[in-house]
4 protein chains.
Amino acid sequence: MDYQAILDRLQKDFIPDTAMGNVASYIPELSKVDPLKFGIYLYAHDGSSYEFGDSQEKFSIQSISKVFTLTIAKELLGKELWKRVNVEPSGTAFNSLTELEREKGIPRNPFINAGSIVVADALLTVLDNPKKDLLKFVRKLCGSEDIHFDESVARSEKKHGYRNKALVNYMKSLGNITNDTEDILDFYFYQCSLAMTCDQLSKAFMLYANEGKHFRSQEQVIDPQSVKRINAIMQTCGFYDEAGEFSYRVGLPGKSGVGGGIVAVHPQHYSVTVWSPMLNDKGNSALGMKVLEDLTTLTGLSIF
Amino acid sequence: MDYQAILDRLQKDFIPDTAMGNVASYIPELSKVDPLKFGIYLYAHDGSSYEFGDSQEKFSIQSISKVFTLTIAKELLGKELWKRVNVEPSGTAFNSLTELEREKGIPRNPFINAGSIVVADALLTVLDNPKKDLLKFVRKLCGSEDIHFDESVARSEKKHGYRNKALVNYMKSLGNITNDTEDILDFYFYQCSLAMTCDQLSKAFMLYANEGKHFRSQEQVIDPQSVKRINAIMQTCGFYDEAGEFSYRVGLPGKSGVGGGIVAVHPQHYSVTVWSPMLNDKGNSALGMKVLEDLTTLTGLSIF
Amino acid sequence: MDYQAILDRLQKDFIPDTAMGNVASYIPELSKVDPLKFGIYLYAHDGSSYEFGDSQEKFSIQSISKVFTLTIAKELLGKELWKRVNVEPSGTAFNSLTELEREKGIPRNPFINAGSIVVADALLTVLDNPKKDLLKFVRKLCGSEDIHFDESVARSEKKHGYRNKALVNYMKSLGNITNDTEDILDFYFYQCSLAMTCDQLSKAFMLYANEGKHFRSQEQVIDPQSVKRINAIMQTCGFYDEAGEFSYRVGLPGKSGVGGGIVAVHPQHYSVTVWSPMLNDKGNSALGMKVLEDLTTLTGLSIF
Amino acid sequence: MDYQAILDRLQKDFIPDTAMGNVASYIPELSKVDPLKFGIYLYAHDGSSYEFGDSQEKFSIQSISKVFTLTIAKELLGKELWKRVNVEPSGTAFNSLTELEREKGIPRNPFINAGSIVVADALLTVLDNPKKDLLKFVRKLCGSEDIHFDESVARSEKKHGYRNKALVNYMKSLGNITNDTEDILDFYFYQCSLAMTCDQLSKAFMLYANEGKHFRSQEQVIDPQSVKRINAIMQTCGFYDEAGEFSYRVGLPGKSGVGGGIVAVHPQHYSVTVWSPMLNDKGNSALGMKVLEDLTTLTGLSIF
């Protein structure tokens, strides 16, 4: 597969334009980012890599972090986790309370906010130092120590995170939260504030394209069965209320964040990260969705 | 891949037992079926096939027919179809009116009842003889003339189909239905009444495991891009409110029907049909779900 | 109480203006009415009456008819009726399916469409000739033979009544409908098509302001306990999703219809009908709501 | 009216029995109350009073306090208040988040929890010392200094009030909350912890049965128009999801609390308080509902 030619073509075809969408504005720190940033990094199964644009610049990974925390929680808790969170796609927005009420406090999946908060709560119970452990895990996955929480983003989310505060308290009232709500949100906002580059994310996500093995050392970090299952959740639930659309157009498991990043994996083939901060009305990177659609059309590769 | 050994193992491990679930009972015709029927038929990409049990006995395919009508409608209408039905997973039961109200009469996807009724309406507009054309299409796909509507099932559904009547009238009130509501339901109930064997279904569904080509003649019936997209919809929406669970456990695109059939496809590898009429509380074949989970574990194959 | 002076004042203060709202347009027959029609008729407990404007012109009473059918059904069925319909205010629009789904096919109250359809179904079971019996009852109440169904309105509703068709079929699927759905809708659309004047309606509704006695003969038509209860339902449920607002502003039990009529009663004091066909966005007469608010302010009378 | 004979009859007919319902148990302080407590106090418009049982024992008035805070807020804020809270009955439980989501953070009425929290927020903005001012107002209304907050109840609610915490944070996320969420809940839980007797409550609520005048001094505390409107809200919204049922059976404006108290008023006639801590499944005093139904039947008096 001539990935270089394909990326050259994408770079030529897609020019970011401020009319494409709006940068996330619910906290000041995210709204300051240059809307025209645009980068892509593809790491192929054979160890080669391809990139262009702002692929080496860090951005706030936000909800992409939910895949990391789910992976750790699944390893540590196994089937116990599924008593507290389901794996069904959500029919409504990522921060909806209606669905949570209908489901009696059991979030539909671990990638809506409520579900990831439950995962965070579970990690607080089993880890001595969740923030440090998460950092260590992510740094290992992408083979780089240069990964940090963005404290100003975390603090700002904490200050404005009333919706998430509502979610955690609501689930607490229904018995699905164990730890102190403030402690959980503190960890949750920190995890979302992780700043990473397209390069780092693609390498980390090779875990899911490489049967659970580290992209470089080939160490078996998690077992293949776990990878299969996390990919299945990404496929059906990775894009909020646009999961079906992404599956339909792109046909790969993936996860987006309101920082404008999208990571997608093609098992046995590659992992790829696109970053463009302008969001569509569903909260996913507008340009990122289009680029990935063309990428899978040009490669002719799709899991389907 | 030694499919024969795997099927031998499945046959040994799974013995139907009436405690597993209940046969669909909302119409007398479906409730009469022997709950202990159990068959499987796997058609491999290399043309070999494997089967055991009641794999040559016909059963009511019910909602599996929605894949056929969607395929025809997609070919004939192209993008126009997506103005009237979305491709997002549904967060509620297959015959829910609440979601339809929230979405202003646009069904979430073509595999919930409301969505398939819209597809039926679309086919009534473009086809001169929808029933005959559907039969012709399905017969061609599986290379057998011995496929028929079960008129007693169709008539019985028509007599008891108040919920579907509610759905079509509700969408009509919101402007998303063109033809006469009785005509649409007549076609819809006929399509659901198709009686087919595991053998026939697996051969027909090779279309989706073989890049759109006929299982025997290798004729290109639909283009590969269409297959990719229909598979994506099966992956995210094929099992009502258990789509995520199926994706998580089995990891293949598939479609179930309340007659107890489930078809799943692994692109480039195989298509497989299981039939066991006892349903779990989500309306999917209880035994079928378990068998397919073990099948993908034993083959070690999954799209993820 | 100088009702004449008060009506003079209202006539002076309120001049209909086409900017006030829109005439019901979902069926052609209703949309043809002159939006500037405006009439009021007040019948006092002492037998005196007061009126101005188009108070002697007939209009389509629509949902006001639901009070008549409820009254008959309550007499004939007693407590049995409340197994099939509740008396709680509805939190959503008058023709919502969501609420009906949440409540498993038991309508919230007899004044939303679903509830009145259940009442119609109940009447079909116990009456030999429901249309004739309804007409007889209403004619008796207002002491006038000159009351008829408007067949063109009834036929037009039948032709366009997809939402009501959805409601009745949905309830049938949940076991809360006994008779043939077409027969029920036929009766329901006829009841809604009743054409009456402000004069006739006020006289008929004296039943509810006069402890169940006929306005003229003082015959006890229904017992006082029944009146108290029907008034309570009018108070809490008479104005769709604006019941609280009407109660807050006007403070009387009442019932509106999309034909632009509103009837309100002040027990032991008077019954009053206003007609102005322009509707607000909740489907109630915009001018009618305002006139009645001023009327209760000017009379200083309110049940509260 | 021979109120004494009627109360004698009620005392004879109604004997509390632990099978009637369950005492509120969501906080330990409320669960400790003796379920067999039972008292009634009726204050007639002519200044006479009637009582039996535990009518002089204090209990936690809980949601009955919402009428007091609404009264103060309405006086101080006038129409501004209605931009932030509606007056429509709620179709769902008193602490539902679904409805609040549908209505974009504007509570349906001031008597569901969300609505009363908005009222509390409004009071925090305009009052220097809301707790003290509330206490002063209530003490004045019933002419007794012996009214206090129950601090152990307030603290316990604060400790377990996750649902209310969810509500206030959710509304804050939608811009309908001004003050610090902790401060608002502190005031809200204090208001609910007010401990009063049947005697005190009936005297205080004479305000609403006496055109806004003090039961003893006849001082005009609030204007009659305000009384009419608050009574209208009690009528349509005073009993959570059982408002219609109460209106249907009792036919008076009223308000209940989970402490087992119910106050009802018949304008120009009387105010009455019943206390029995066993609740039905809607959260209203089971015995209290029945007693008040019989009371209005025996008096023959109803606003309808």
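The values are calculated or read from the model by the stated rules, or taken from the named source; none is laboratory data. Please read these numbers as outputs of a predicted model, since none were measured by experiment. Note that we place each Cβ from the backbone using ideal geometry, even for glycine, and neighbour counts take in every protein chain shown. SASA here: full protein model, heavy atoms, side chains in, ligands and nucleic acids out. Shrake-Rupley method; radii C 1.70, N 1.55, O 1.52, S 1.80 Å.
Structure above, values below:
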read-out: Boolean, D:F189 is under 19 Å from D:K58 (Cβ atoms), assigned to a helix (DSSP H, G or I) and open to solvent by less than 10 Å² (accessible area, probe 1.4 Å); value: yes
read-out: Conditions (1) of a type in the set (D, E); (2) within 14 Å of chain D (Cβ to nearest Cβ); (3) within 23 Å of C:R229 (Cα to Cα); number of the one not met by C:E80; value: (2)
read-out: Qualifying residue in the stretch B:201-209 (condition: in a strand (DSSP E or B), basic (K, R) and away from chain A (no Cβ under 14 Å)); value: no
read-out: Filtered residue count, the stretch C:60-98, keeping only those that are among the polar types (S, T, N, Q) and without any contact (Cβ under 8 Å) to a residue 60 or more places away in the chain; value: 3
read-out: Any hit, the stretch B:165-184, residues being under 22 Å from B:F59 (Cα atoms), of a type in the set (A, V, I, L, M, F, W, C) and either in contact with a Phe, Trp or Tyr (Cβ under 8 Å, 6 or more places away or on another chain) or surrounded by fewer than 17 Cβ atoms within 10 Å (Cβ to Cβ) (or both); value: no
read-out: Meets criteria (over 24 Å from A:T299 (Cβ atoms), buried (at least 20 other Cβ atoms within 10 Å of the Cβ), of a type in the set (S, T, Y) and more than 14 Å from chain B (Cβ to nearest Cβ)) for A:T197; value: no
read-out: Residues of the stretch C:28-52 classified as over 12 Å from C:V291 (Cβ atoms) and outside any strand (DSSP E or B), total; value: 14
read-out: Candidate set: the stretch B:220-239, residues that are more than 10 Å from chain A (Cβ to nearest Cβ) and in contact (Cβ under 8 Å) with a residue 24 or more places away in the chain; chosen: the one surrounded by the fewest Cβ atoms within 10 Å (Cβ to Cβ); value: B:I222
read-out: Scope the stretch D:212-224; condition touching a helix residue (DSSP H, G or I) at 6+ places or on another chain (Cβ under 8 Å) and closer than 24 Å to C:L298 by Cβ; matching residues; value: D:G212, D:K213, D:I222
read-out: Pair list, Cβ under 7 Å, 6 or more apart: the stretch B:1-20 residue closer than 14 Å to B:K37 by Cβ and touching a residue at least 40 places away in the same chain (Cβ under 8 Å), other residue open to solvent by 70 Å² or more (accessible area, probe 1.4 Å) and not aliphatic (A, V, I, L, M); value: B:F14/B:K290
read-out: Odd one out for A:L298 among (1) of a type outside the set (G, A, S); (2) more than 15 Å from A:L7 (Cα to Cα); (3) surrounded by fewer than 21 Cβ atoms within 10 Å (Cβ to Cβ); value: (2)
read-out: Flag for B:A44 being open to solvent by less than 10 Å² (accessible area, probe 1.4 Å) and in the same structural domain as B:K12 (by TED's automatic domain parsing); value: yes
read-out: D:S217 being open to solvent by 20 Å² or more (accessible area, probe 1.4 Å), modelled with pLDDT of 95 or more, over 12 Å from the mean Cα position of the chain (by Cα) and of a type in the set (S, T, Y); value: yes
read-out: Among (1) touching a Ser or Thr at 6+ places or on another chain (Cβ under 9 Å); (2) hydrophobic (A, V, I, L, M, F, W, C); (3) surrounded by 22 or more Cβ atoms within 10 Å (Cβ to Cβ), the one test that D:L124 misses; value: (3)
read-out: Odd one out for A:K158 among (1) without any contact (Cβ under 8 Å) to a residue 12 or more places away in the chain; (2) surrounded by 16 or more Cβ atoms within 10 Å (Cβ to Cβ); value: (1)
read-out: Out of B:G283, B:G259, sole residue that is at pLDDT below 95, outside any helix (DSSP H, G or I) and among the small types (G, A, S); value: B:G283
read-out: Total residues in the stretch D:207-216, condition touching a residue at least 40 places away in the same chain (Cβ under 8 Å) and among the small types (G, A, S); value: 1
read-out: Looking only at the stretch B:79-94, and only at residues there that are buried (at least 19 other Cβ atoms within 10 Å of the Cβ) and charged (D, E, K, R), the one that is farthest from B:G283 (Cα to Cα); value: B:R84
read-out: Filtered residue count, the stretch D:259-269, keeping only those that are under 27 Å from D:D150 (Cα atoms) and within 10 Å of chain C (Cβ to nearest Cβ); value: 1
read-out: Residues satisfying the stated conditions in the stretch C:19-42, i.e. farther than 29 Å from C:N164 by Cβ and of a type in the set (S, T, Y); value: C:Y41
read-out: Tally of residues being surrounded by fewer than 16 Cβ atoms within 10 Å (Cβ to Cβ) and part of a helix (DSSP H, G or I) across the stretch A:141-154; value: 2
read-out: All positions within the stretch D:19-34 that are β-branched (V, I, T) and over 10 Å from D:P277 (Cα atoms); value: D:I27
read-out: Residue identified as in the same structural domain as B:T178 (by TED's automatic domain parsing), assigned to a loop (DSSP other than H, G, I, E, B) and farther than 30 Å from B:D128 by Cα among B:S90, B:S25, B:S55; value: B:S90
read-out: Among (1) part of a helix (DSSP H, G or I); (2) within 13 Å of chain D (Cβ to nearest Cβ) - the single one C:F111 does not satisfy; value: (1)
read-out: C:L7 crowded, with 18+ Cβ neighbours inside 10 Å, out of contact with any helix residue (DSSP H, G or I) (no Cβ under 7 Å at 6 or more places or on another chain), in a helix (DSSP H, G or I) and at negative phi; value: yes
read-out: Odd one out for C:I117 among (1) buried (at least 23 other Cβ atoms within 10 Å of the Cβ); (2) among the hydrophobic types (A, V, I, L, M, F, W, C); (3) not in a helix (DSSP H, G or I); value: (3)
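Residues are listed down the side, and each one gets a yes or a no for (1) out of contact with any helix residue (DSSP H, G or I) (no Cβ under 9 Å at 6 or more places or on another chain); (2) among the aliphatic types (A, V, I, L, M); (3) outside the structural domain of D:P28 (by TED's automatic domain parsing):
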| position | (1), (2), (3) |
| --- | --- |
| D:D241 | yes, no, no |
| D:S247 | no, no, no |
| D:K255 | no, no, no |
| D:I262 | no, yes, no |
| D:S276 | no, no, no |
| D:L279 | no, yes, no |
| D:G283 | no, no, no |
| D:D294 | no, no, no |
| D:F304 | no, no, yes |
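One line per residue, one yes/no per condition, for (1) surrounded by 24 or more Cβ atoms within 10 Å (Cβ to Cβ); (2) among the polar types (S, T, N, Q); (3) in contact with a Lys or Arg (Cβ under 6 Å, 6 or more places away or on another chain); (4) at the interface with another protein chain (Cβ under 8 Å from one of its Cβ atoms):
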| site | (1), (2), (3), (4) |
| --- | --- |
| C:E245 | no, no, no, yes |
| C:G254 | yes, no, no, no |
| C:G257 | yes, no, no, no |
| C:N280 | no, yes, no, no |
| C:K290 | no, no, no, no |
| C:I303 | yes, no, no, yes |
